Amino acid sequence: MAAHVLVGSGAPVARNGFGLPAAAPAPTPSPTSPGPPLQVVPPDSGPMLGRRAIALVVTAICIGAVGMGVSWLLGRDSHLEPATYIRYALVLTLGVYVVVGALVVVRLVPGVRLRWHTGRPAAGILLGAGVGGALSGLLLAGVSSAAGHLSPDPRIVTLMSEGDLAHIVVTIGITCICAPLIEEVLFRGLLLESLRTKGRRVALWGSGIAFAIWHLNPSALRYYAVMGLLLGGLYLRRGLVCSIAAHVAFNGVLTVAALAVVLAPARTVTVGDISFQAPSGWGQLHSEQGGWIVTGPSDAELFVAEQPLAVTPTADQMRDRMHDGFATALIPSVTFDSSTLRETSLPAGVAVEMGINYEGHGGTFTMLAVPGELVELVFMDGGSTKAQADFPRMLESLRVG
């Protein structure tokens, strides 16, 4: 819509071909007249100012701290099943990234220009993916070699341990999409770029330390700081496409390794004279006082112990041992549900089972008698639907001797 033009009534008005007042020619300033003031636009007006970037990073860390605090409070609830807690943790983590990502986008709207690449984008992507993938592979190989088995990030394994599509897709989305994209834009594209005016060293260390604090893991501050320095160096060399590719490749290798553990076929677990088939999602076993523990989906656990006996007990004698609180001696805080006491026949022999409650979590205590030996299995399901379905199959596959 054209602006209103006010014309004085006493002066003749020149008209154009449409009968409208003709625009007056712009006066030509004399060489001595100062003319209108020039508007000088600084060449670095696009990048976010350092003060705004720091405020955004501090806000993001505070949002992450709130999410971590809520997660910690939920974890303190002894009656919250681990499987339920893991679902809450996934939603909280995804929520933190969504909120922080929305803040970053809002702050980018006023014309902030990100340095996406320096040179050819494809070269930056290949460099980042190669460095991130190689570093993650070396780290994974070192940890797995020390453990004697494939040992990816246990947090990723736990998040996907149910083995269902929803847990796997959300976990991959967090580790390979949300984290690389949002963290690289925030800590490299905005913070590091804003600190470059103070020198390369300050920019690298400032963004690296902020990156470590963001993860809120005091025991791993050095690890995340070093990773922040490495990603910052890649950013300075080739831009955001390079650091994002490195971040995606690093997390991607760990995620693929976790999937290999979660979706691995059933394997045979041997504990002394006892052996059974552990379905996918059940991790390596470790020794515990009086026996062994095998971890499963959503932190479900199976405690296995064996006791040599001169005389094989009968089913009635095993029931008496259960009523006498035998499992309480194995694992403190176990309470029995006597209404669930039942006798069952397994391929390995006669067994007696009873439902138990351990720190608010459900499970089953099974006692199996074989010649010269008594086998005790304490199963804590952790609220995992998969673990609850796995346990009967593990009992059916159990062999002694």
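When residue 45 is tested against (1) part of a helix (DSSP H, G or I); (2) modelled with pLDDT under 60, just one condition goes unmet, and that condition is (1).
Condition (residue is touching a strand residue (DSSP E or B) at 6+ places or on another chain (Cβ under 6 Å) and of a type in the set (D, E, K, R)) applied to segment 277-288: is it met by at least one residue? Taking every residue of segment 277-288 in turn, none turns out to be touching a strand residue (DSSP E or B) at 6+ places or on another chain (Cβ under 6 Å) and of a type in the set (D, E, K, R). Among residues of segment 249-266 that are more than 16 Å from residue 284 (Cβ to Cβ), none has a Cβ under 8 angstrom from a residue that is at pLDDT 95 or above and part of a loop (DSSP other than H, G, I, E, B) at a sequence gap of 6+ or on a separate chain. Could we say that residue 59 is within 19 Å of residue 158 (Cα to Cα) and at pLDDT 90 or above here? The answer is no for residue 59.
Tally the residues that are in a helix (DSSP H, G or I) and farther than 16 Å from residue 244 by Cβ, restricting the search to segment 119-168. Before you say what the answer is, go through the steps one by one.
Looking only at segment 119-168, we keep the residues that are in a helix (DSSP H, G or I), and these are 121-147, 154-160, 165-168.
Narrowing the set further to residues that are farther than 16 Å from residue 244 by Cβ leaves 134, 137-147, 154-160, 165-168.
Adding up the residues that qualify gives 23.
May I ask you to list the residues in segment 308-339 that are modelled with pLDDT under 65, among the hydrophobic types (A, V, I, L, M, F, W, C) and assigned to a loop (DSSP other than H, G, I, E, B)? Passing the criteria: only 331. When the criteria are applied in full, residue 303 fails the requirement of being aromatic (Phe, Trp, Tyr), within 30 Å of residue 89 (Cα to Cα), in contact with a Leu (Cβ under 8 Å, 6 or more places away or on another chain) and assigned to a helix (DSSP H, G or I).
Mind checking whether some residue in segment 139-153 is closer than 17 Å to residue 259 by Cα, buried (at least 16 other Cβ atoms within 10 Å of the Cβ) and charged (D, E, K, R)? So far as segment 139-153 goes, yes, one or more of its residues are closer than 17 Å to residue 259 by Cα, buried (at least 16 other Cβ atoms within 10 Å of the Cβ) and charged (D, E, K, R).
Hey, any hits in segment 196-203 for a residue that's surrounded by fewer than 22 Cβ atoms within 10 Å (Cβ to Cβ), within 14 Å of the chain's Cα centre (by Cα) and either among the aromatic types (Phe, Trp, Tyr) or under 18 Å from residue 226 (Cα atoms) (or both)? Scanning segment 196-203 turns up no residue that is surrounded by fewer than 22 Cβ atoms within 10 Å (Cβ to Cβ), within 14 Å of the chain's Cα centre (by Cα) and either among the aromatic types (Phe, Trp, Tyr) or under 18 Å from residue 226 (Cα atoms) (or both). Among the criteria (1) of a type outside the set (Lys, Arg); (2) under 21 Å from residue 226 (Cα atoms); (3) surrounded by fewer than 17 Cβ atoms within 10 Å (Cβ to Cβ), the one residue 136 does not fulfil is (3).
The values are calculated or read from the model by the stated rules, or taken from the named source; none is laboratory data. Small disclaimer: the values here were computed from a predicted structure and weren't measured. As a convention, Cβ positions derive from the backbone with ideal geometry for all residues, glycine included, and neighbour counts pool all protein chains shown.
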